[in-house]
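The values are calculated or read from the model by the stated rules, or taken from the named source; none is laboratory data. Nothing here was measured: the structure is a model prediction, and the numbers come from that model. Cβ: placed from backbone, ideal geometry, glycine included. Neighbour counts: every protein chain shown.
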Amino acid sequence: MIWVLALTVWVTVSAGVVLALSKDVFRCVLGLGVLGSAVNLVLFAAGRLGSAAPAVVPLGETTLRDAANPLPQALVLTAIVIGFALVCFSLALVLRLIQRADTDDALALRAAEPLPDHPVKPPYAGERHDPAWPPVSATGGPR
Amino acid sequence: MSALAVTPVLVPLVTVVATTLAQKRPGAQQALSYAGIVGFLACAIALVGLAHQDEAARVAFGGWGVPFGIEFAVDRTSAALVLITALMGAAALLFLASDADTQPRHPLLLPLLHGVLVGVGGSFATADLFNLYVWFEVMLICAVGLFAIGGRVDQLDATFKYFVLNMFGTLLLLVAVGMVYATTGHLNYGAIAQAAPQLSAWVQTLVLSGLLLAFLIKAGAFPLFAWLPASYHTLPAPVLALFAGLLTKVGVYAVLRSMGDLFATAPGLLFEALGWVAAATMLFGVLGAAYHWDMRRILAFHIVSQIGYILLGIALASEAGNAATLFYTLHHIVVKANLFLIAAMVWRLTGSYDLRRIGGLYKVRPALAVLFLVPALSLVGIPPLSGFWSKLLVLQEAIAQGHVTWTVVALLVSVLTLYSMMKIWMEAFWKPHPDDGWQCPAATRLWPAWLATLGLAAVTLAISFYPQALLDYSLAAAQTLGAR
């Protein structure tokens with residue numbers, strides 16, 4: 001059983017890495033989501049595979065015997081919830097980014113770090129990437 | 001007083017909920033946010049008081065005994081860091097009341113800021129490895145929210161890069177946490193520290209290097225720091241100062257906790273490797289800073305460079321080294337945040353962050369020029385400022401252990417740090433403004449900014465002239481960690 005799980009983790013990690021290394025920003029975040037699933041499988045295996053019996057103490061007894069380890073299940077559940085929220089956020093982010101930047105090529109995304117046009121001098125980002133100066137007051141007019 | 005251990009999470013969390021509910025009414029939201037940070041400060045001071053009397057505040061949740069329940073334990077190290085977190089939160093919120101690069105004001109800005117404090121406070125307070133991962137995720141989601149709410153294309157670009165690399169880091173952390181559980185059978189810090197020495201050397205090396213890789217991405221260490229200078233400069237100033245002060249330092253704290261406490265008996269090879277990583281981090285960070293002319297980007301590269309010094313203290317694997325690390329971290333958080341805030345005041349007065357387009361501030365605002373020198377020279381390590389004491393502590397221990405190369409690199413990097421701080425001072429304050437018709441704007445609302453930066457400078461000066469109090473505290477804190 002552990003070998004089947006290991007093989008699954010291997011395939012999932014490979015798929016996730018291939019996607020995450022893609023130039024396409026959308027594939028990149030999907031790859032991270034797939035990697036997250038692989039990590040959850042690893043976390044699950046960390047508690048050892050064995051019995052599949054539910055971790056419930058039988059009536060009249062005080063100890064748990066021959067049951068699956070419940071802790072990794074709790075950990076994986078937490079990780080799934082967090083991972084789901086982050087994947088949702090990243091999809092919304094990437095959609096907006098593609099709309100605004102008009103490209104989905106990660107190599108073309110240079111807005112935050114513009115390429116220098118001089119071999120020695122660092123680039124100047126340009127005023128369009130700086131906060132508006134002078135600051136506008138809450139009522140809309142300049143201070 | 002075990003309930004106090006929860007306050008680093010509970011107080012900011014309540015503030016998040018309250019400020020979110022009040023987002024339609026900016027005045028009420030502002031007041032709630034101030035009340036929250038004052039409450040956080042009070043709880044943090046109480047925690048330091050408790051920890052100082054060797055009564056670390058502890059609580060285990062859900063009626064489960066240690067080591068099975070999730071435990072919060074605020075010892076000396078954590079308490080000091082929680083206090084500095086609250087202080088930074090207060091400075092950033094105060095600065096938000098000025099008009100120096102604080103726009104646009106999104107209704108979710110304050111809830112997300114407090115959300116970052118929840119994540120940072122939780123990471124410092126928890127004594128459970130999986131719980132630490134959860135707080136890292138809380139920090140990540142609030143941080144990407146703060147990056148994205150501006151909505152400019154460069155901010156979205158920065159959000160994407162920050163998100164992808166940090167997400168990769170947290171996935172690695174999750175695998176490493178799984179491996180720790182698989183080998184030791186525990187997630188509680190105390191239980192791991194007891195179980196770790198029984199593992200074979202190579203298992204310890206493997207498990208700890210997984211944890212370290214994840215934490216070093218978060219700390220922004222060489223060669224994993226690319227996300228930091230790619231994104232930080234797009235943030236509005238108070239948020240930037242908060243991030244610069246706190247986020248990477250949580251990664252450093254996690255490294256300190258795992259190497260100085262949980263796996264203190266790990267093979268020396270890993271500590272040696274961390275030392276070289278630290279030296280490379282110092283050098284490459286400062287070289288990036290020397291190249292750039294945008295103040296925010298210069299200072300962002302200096303965060304990376306200074307992380308190197310802090311990691312060097314951990315790599316020395318001794319009580320003195322760990323104490324130096326804590327001292328350095330506390331000094332550095334204050335200084336770094338202050339530098340970013342002062343840079344924002346310069347922006348308000350001159351209209352640009354790019355040093356090639358500004359100048360002449362010394363003539364019109366000499367007080368600001370002097371104020372800038374306090375954190376700038378402290379960052380370099382000029383005596384008697386706080387940076388001198390922290391560098392002295394780290395390098396003294398490095399020399400005592402015979403690590404000449406690391407010491408030479410550290411001193412060389414100090415010279416380059418001096419160069420880039422003087423570059424900012426000469427270009428922004430001393431040289432005449434490139435535009436002859438430039439006038440210093442008269443109608444500015446800078447008094448909250450002055451108050452915040454002067455307060456942080458006062459903290460720096462207090463550490464500078466009374467280093468003994470903080471040093472004694474750091475040494476006592478290092479003793480309670482499980483150093484070899």
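Structure summary
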item	result
Criterion violated by residue A:81 - all others in (1) surrounded by fewer than 18 Cβ atoms within 10 Å (Cβ to Cβ); (2) in contact (Cβ under 8 Å) with a residue 40 or more places away in the chain; (3) of a type in the set (Val, Ile, Thr) satisfied	(2)
Residue under evaluation residue A:13, criteria (1) away from chain B (no Cβ under 12 Å); (2) at pLDDT 95 or above; (3) surrounded by 14 or more Cβ atoms within 10 Å (Cβ to Cβ), criterion not met	(1)
Residue within the stretch A:107-130 that is part of a helix (DSSP H, G or I), farther than 30 Å from residue B:443 by Cβ and modelled with pLDDT of 85 or more present	yes
Only listed residue being closer than 25 Å to residue A:85 by Cα, more than 10 Å from chain A (Cβ to nearest Cβ) and of a type in the set (A, V, I, L, M), chosen from B:108, B:171	B:108
Filtered residues of the stretch B:81-105 (kept if within 14 Å of chain A (Cβ to nearest Cβ) and either assigned to a helix (DSSP H, G or I) or modelled with pLDDT of 95 or more (or both))	B:95
Given (1) in contact with an Asp or Glu (Cβ under 7 Å, 6 or more places away or on another chain); (2) more than 14 Å from every other protein chain (Cβ to nearest Cβ), number of the condition residue B:347 does not satisfy	(2)
Meets criteria (surrounded by 24 or more Cβ atoms within 10 Å (Cβ to Cβ) and in contact with a Pro (Cβ under 9 Å, 6 or more places away or on another chain)) for residue B:339	yes
Qualifying position, being small (Gly, Ala, Ser) and modelled with pLDDT of 95 or more, among B:279, B:320	B:279
Qualifying positions in the stretch B:303-322 - under 18 Å from residue B:405 (Cα atoms) and touching an Asp or Glu at 6+ places or on another chain (Cβ under 8 Å)	B:313, B:315, B:316, B:321
Filtered residues of the stretch B:147-182 (kept if buried (at least 23 other Cβ atoms within 10 Å of the Cβ) and among the basic types (Lys, Arg))	none
Residue that is surrounded by the fewest Cβ atoms within 10 Å (Cβ to Cβ) [pool: residues in the stretch B:431-484 that are under 17 Å from residue B:339 (Cβ atoms) and within 14 Å of another protein chain (Cβ to nearest Cβ)]	B:446
Qualifying residue in the stretch A:99-107 (condition: surrounded by 13 or more Cβ atoms within 10 Å (Cβ to Cβ) and under 22 Å from residue B:171 (Cβ atoms))	yes
Pairs with Cβ under 9 Å, 6+ apart, first in the stretch A:1-22 and closer than 28 Å to residue A:109 by Cα, second outside any helix (DSSP H, G or I) and modelled with pLDDT of 95 or more	none
Hey, residue A:72 surrounded by 12 or more Cβ atoms within 10 Å (Cβ to Cβ) and assigned to a helix (DSSP H, G or I) or not	yes
Set B:278, B:264, B:317, B:254: member being in contact (Cβ under 8 Å) with a residue 12 or more places away in the chain, of a type outside the set (Lys, Arg) and farther than 30 Å from residue B:185 by Cβ	B:278
Test result for residue B:6, in a loop (DSSP other than H, G, I, E, B), β-branched (Val, Ile, Thr) and touching a strand residue (DSSP E or B) at 6+ places or on another chain (Cβ under 8 Å)	no
Meets criteria (farther than 20 Å from residue B:251 by Cβ, touching a residue at least 24 places away in the same chain (Cβ under 8 Å) and hydrophobic (A, V, I, L, M, F, W, C)) for residue B:219	no
Condition check for residue B:388: of a type outside the set (A, V, I, L, M), closer than 30 Å to residue B:277 by Cα and within 14 Å of chain A (Cβ to nearest Cβ)	no
Residue check, residue A:41 assigned to a helix (DSSP H, G or I), more than 13 Å from the chain's Cα centre (by Cα) and in contact (Cβ under 8 Å) with a residue 40 or more places away in the chain	no
Residue B:98 vs. criteria over 23 Å from residue B:21 (Cα atoms), touching a Phe, Trp or Tyr at 6+ places or on another chain (Cβ under 8 Å) and among the small types (Gly, Ala, Ser)	yes
Residues that are within 14 Å of chain A (Cβ to nearest Cβ) and not small (Gly, Ala, Ser), drawn from the stretch B:280-298	B:287, B:291, B:292, B:293, B:294, B:295, B:296, B:297, B:298
Residue match in the stretch B:324-342 (condition: touching a residue at least 60 places away in the same chain (Cβ under 8 Å), assigned to a helix (DSSP H, G or I) and within 14 Å of another protein chain (Cβ to nearest Cβ))	yes
Where a residue in the stretch B:9-26 is more than 16 Å from residue B:90 (Cα to Cα) and its partner, wherever it lies, is in a loop (DSSP other than H, G, I, E, B), with Cβ under 8 Å and at least six apart	B:20/B:108; B:23/B:107; B:23/B:108; B:24/B:107; B:26/B:105; B:26/B:107
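To keep it simple, each residue is scored yes or no on (1) within 11 Å of another protein chain (Cβ to nearest Cβ); (2) outside any helix (DSSP H, G or I); (3) touching a helix residue (DSSP H, G or I) at 6+ places or on another chain (Cβ under 8 Å); (4) at pLDDT 85 or above.
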{"position": "A:66", "(1), (2), (3), (4)": "no, yes, no, no"}
{"position": "A:86", "(1), (2), (3), (4)": "yes, no, yes, yes"}
{"position": "A:94", "(1), (2), (3), (4)": "yes, no, yes, yes"}
{"position": "A:103", "(1), (2), (3), (4)": "yes, yes, no, yes"}
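Condition check ((1) touching a helix residue (DSSP H, G or I) at 6+ places or on another chain (Cβ under 7 Å); (2) modelled with pLDDT under 95; (3) acidic (Asp, Glu); (4) surrounded by 24 or more Cβ atoms within 10 Å (Cβ to Cβ)) across all residues:
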{"position": "B:202", "(1), (2), (3), (4)": "no, yes, no, no"}
{"position": "B:205", "(1), (2), (3), (4)": "yes, yes, no, no"}
{"position": "B:215", "(1), (2), (3), (4)": "yes, no, no, yes"}
{"position": "B:220", "(1), (2), (3), (4)": "yes, yes, no, yes"}
{"position": "B:223", "(1), (2), (3), (4)": "no, yes, no, no"}
{"position": "B:227", "(1), (2), (3), (4)": "yes, yes, no, no"}
{"position": "B:230", "(1), (2), (3), (4)": "yes, yes, no, no"}
{"position": "B:234", "(1), (2), (3), (4)": "yes, yes, no, yes"}
{"position": "B:245", "(1), (2), (3), (4)": "yes, yes, no, yes"}
